[in-house]
Amino acid sequence: MAQSLNFFVSTSHSPDFTHSYTKPFPQNPNPNRLFSLTKPPKKPPLILSASTDNSSGFTAVTPEYETANGTSPVAVLADSSPIIEVDAVTEAELKENGFRSTRRTKVVCTIGPVTSGFEELEALAVGGMNVARINMCHGTREWHKSVIEKVRRLNEEKGYAVAVMMDTEGSEIHMGDLGGAPSVKAEDGEVWTFSVRAYESLRPERAITVNYDGFAEDVKVGDELLVDGGMVRFEVIEIDGPDVKCLCTDPGLLLPRANLTFWRDGSLVRERNAMLPTISSKDWLDIDFGIAEGVDFIAVSFVKSAEVINHLKSYIKARSRDGDIAVVAKIESVDSLRNLEEIIQASDGAMVARGDLGAQIPLEQVPLAQQRIVETCRQLNKPVIVASQLLESMIEYPTPTRAEVADVSEAVRQRADALMLSGESAMGQFPDKALTVLRSVSLRIEKWWREEKRREVMDLPDIASSLSDSISEEICNSAAKMGENSIIIL
Ligand SMILES: Nc1ncnc2c1ncn2[C@@H]1O[C@H](COP(=O)(O)OP(=O)(O)OP(=O)(O)O)[C@@H](O)[C@H]1O
Ligand SMILES: CC(=O)C(=O)O
Ligand SMILES: [K+]
Ligand SMILES: [Mg+2]
């Protein structure tokens, strides 16, 4: 009985549901996939209590958590079999599926104003959040510090295993904040001023600060200015010293610190801003903050080359107490696609940051870029997060569009390790519902993968050269096939 549990537990972490006896599974070369994005809890979580009346021999888990003070995350076997470490299962999953259906696709939730309270964070943890992301583009360091503290408290007091990811601001061109307003509407035909001036106190109406000093010198009359990759569009009509006057040609909502790109004759213009450092001086201060707070991951925005990743990794190694902060390269620029393999090789993981990526390459190329990034990560054995607009409509509505569900399914089908919520969990009306959609779609597609796998013929090599060896080999082959099937039945 203990043996079969052991078998189940150990295989549940491997992506392809086959155990190590079989030949390496060619479709997925990453043995640590998924699991590598889960941080072991500092103070471990729950006791999964087993019952012997379960005829399958696997742990029957009570949906209610028991908080373990100071113990390891364990499955406790009633028959005093050895203690075995298991991946943390969320309360929601336990209720839905029991222990047998541990989700492999992890979920990263961006924390924002609607989810920064302890209770809201706990609701996300209950719903299956594996990683809480704080975006240094927004909020103050005190705000981020309090979020990190609350996540740590959840882990320590309530037994969750939520990791913290800090996402750097990066130094691409973006708008300033909107004097505290959550958003401002730009209407068709309005003239707005984008200026490199920092407005002292009150921001004049229809005026926006731009963070990049060379902005007014680099743009030309006739250029197209895209906010957030085209959510709002302007045409440059006049340049007057530090002020660039623009006509709104495609109305929409301007959000604080939204990304800006400018286009000339259908191509992205990359003048001197291409020389901006990937990690700005503000980012270095944020990184120091992240190291001091002991975040688990640092996601680097607008990575251009492997060099910056190597630099950051040695910086962390020299400063962090245990040097174990993982560095995730955000793939969101033309340069990062150009140097994709070397960047991923240098990093501990990657993020397909489709928001900004879609502002830098034509939108119709984003799905192919996603596929290439995920495949490259699979080949190089690195975890990969698919991010941005997965369930964008759920910022406002309680159910996703069918197209969004198809998009989430496709990411799981591609074997992304994790999915990320952005505005849906940071400032949307239905963060918990959005998380439920990611969880249930992931579980469904993972089940489909198992069913697909079952149809596959197991190709076991003939290696025995004597009669006694072939008897052993047959026994081993049968055990492997039985193991394969029993895992699939689960
Ligand atoms: N800490 C925060 N405080 C206030 N609003 C936030 C915060 N974090 C996120 N948001 C809101 O949620 C939206 C989506 O968050 P997200 O982290 O994806 O940021 P983003 O600005 O789109 O940029 P990035 O390219 O860095 O992801 C933001 O535009 C912002 O309105
Ligand atoms: C996540 C992020 O940075 C993006 O999609 O641009
Ligand atoms: K960011
Ligand atoms: Mg981005």
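The values are calculated or read from the model by the stated rules, or taken from the named source; none is laboratory data. Remember, predicted model here, so these are calculated numbers, not experimental data. Cβ atoms come from the backbone with ideal geometry, glycine included; neighbour counts cover every protein chain shown. For the accessible areas, the whole protein counts, side chains as well, though only heavy atoms, and no ligand, DNA or RNA atoms are used. Shrake-Rupley method; radii C 1.70, N 1.55, O 1.52, S 1.80 Å.
In table form, for the structure just shown:
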| item | result |
| --- | --- |
| Residue within region 117-126 that is in a loop (DSSP other than H, G, I, E, B), away from ligand 2 (no atom under 16 Å from the Cβ), of a type in the set (Asp, Glu) and farther than 14 Å from Leu254 by Cβ present | no |
| Options Ser409, Ser393, Ser388: the member that is within 16 Å of ligand 4 (Cβ to nearest atom) and open to solvent by less than 40 Å² (accessible area, probe 1.4 Å) | Ser388 |
| Single condition Gly294 does not satisfy, out of (1) away from ligand 2 (no atom under 16 Å from the Cβ); (2) over 20 Å from the mean Cα position of the chain (by Cα) | (2) |
| Qualifying residues in region 141-183 (those that are of a type in the set (Asp, Glu) and farther than 27 Å from Asp356 by Cβ) - the one nearest to ligand 4 (Cβ to nearest atom) | Glu149 |
| Residue selected from region 299-326 under the condition among the β-branched types (Val, Ile, Thr) and within 14 Å of ligand 3 (Cβ to nearest atom), by the criterion surrounded by the most Cβ atoms within 10 Å (Cβ to Cβ) | Val303 |
| Any hit, region 372-379, residues being polar (S, T, N, Q), open to solvent by 20 Å² or more (accessible area, probe 1.4 Å) and either within 16 Å of ligand 3 (Cβ to nearest atom) or in contact (Cβ under 8 Å) with a residue 60 or more places away in the chain (or both) | yes |
| Failed criterion for Ser171 (all others in (1) within 16 Å of ligand 3 (Cβ to nearest atom); (2) modelled with pLDDT of 85 or more; (3) open to solvent by 10 Å² or more (accessible area, probe 1.4 Å) hold) | (2) |
| Residue within region 130-144 that is part of a helix (DSSP H, G or I) and within 23 Å of Leu312 (Cα to Cα) present | yes |
| Residues being of a type in the set (S, T, N, Q) and either within 19 Å of the chain's Cα centre (by Cα) or within 16 Å of ligand 3 (Cβ to nearest atom) (or both) - total across region 327-342 | 2 |
| Per-region count, region 208-241, residues within 22 Å of Asp356 (Cα to Cα), modelled with pLDDT of 90 or more and small (Gly, Ala, Ser) | 1 |
| Test: residue in region 429-451 that is farther than 22 Å from Val384 by Cα and of a type in the set (Gly, Ala, Ser) | no |
| Residue in region 168-186 that is nearest to ligand 2 (Cβ to nearest atom), counting only those that are part of a loop (DSSP other than H, G, I, E, B) and farther than 30 Å from Asn130 by Cβ | Ile173 |
| Test: residue in region 196-207 that is in a strand (DSSP E or B) and at pLDDT 95 or above | no |
| Qualifying residue in region 418-425 (condition: closer than 16 Å to Val108 by Cα, more than 15 Å from ligand 2 (Cβ to nearest atom) and surrounded by 20 or more Cβ atoms within 10 Å (Cβ to Cβ)) | no |
| Subset of region 246-269 (residues that are assigned to a loop (DSSP other than H, G, I, E, B) and either of a type in the set (A, V, I, L, M, F, W, C) or within 16 Å of ligand 4 (Cβ to nearest atom) (or both)) | Leu255, Pro256, Arg257, Ala258, Val269 |
| Which numbered condition Ala299 misses (of (1) assigned to a helix (DSSP H, G or I); (2) of a type outside the set (S, T, N, Q); (3) in contact with an Asp or Glu (Cβ under 6 Å, 6 or more places away or on another chain)) | (1) |
| Complete set of residues in region 380-428 that are within 16 Å of ligand 3 (Cβ to nearest atom) and assigned to a loop (DSSP other than H, G, I, E, B) | Ser388, Gln389, Ser422, Met427 |
| Identity of the residue in region 275-288, more than 14 Å from ligand 1 (Cβ to nearest atom) and not in a loop (DSSP other than H, G, I, E, B), that ends up surrounded by the most Cβ atoms within 10 Å (Cβ to Cβ) | Ile287 |
| Tally of residues being farther than 18 Å from Ala416 by Cβ and either open to solvent by less than 30 Å² (accessible area, probe 1.4 Å) or of a type in the set (Asp, Glu) (or both) across region 327-340 | 3 |
| Set Asp417, Asp432, Asp462, Asp407: member being without any contact (Cβ under 8 Å) to a residue 24 or more places away in the chain and closer than 30 Å to Val300 by Cβ | Asp407 |
| Inter-residue pairs, beta-carbon under 7 Å, first without any contact (Cβ under 8 Å) to a residue 40 or more places away in the chain and on the phi < 0 side of the Ramachandran plot and in region 343-360, second within 16 Å of ligand 1 (Cβ to nearest atom) and open to solvent by 20 Å² or more (accessible area, probe 1.4 Å), 6+ apart | Arg354/Ser388; Arg354/Gln389 |
| Residue that is nearest to Gly229 (Cα to Cα), among those in region 347-362 that are crowded, with 23+ Cβ neighbours inside 10 Å and more than 10 Å from ligand 2 (Cβ to nearest atom) | Ala350 |
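Yes/no per residue for (1) in a helix (DSSP H, G or I); (2) more than 15 Å from ligand 1 (Cβ to nearest atom); (3) open to solvent by 20 Å² or more (accessible area, probe 1.4 Å):
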| site | (1), (2), (3) |
| --- | --- |
| Leu154 | yes, yes, no |
| Met166 | no, no, no |
| Gly189 | no, yes, yes |
| Phe194 | no, yes, no |
| Asp213 | no, yes, yes |
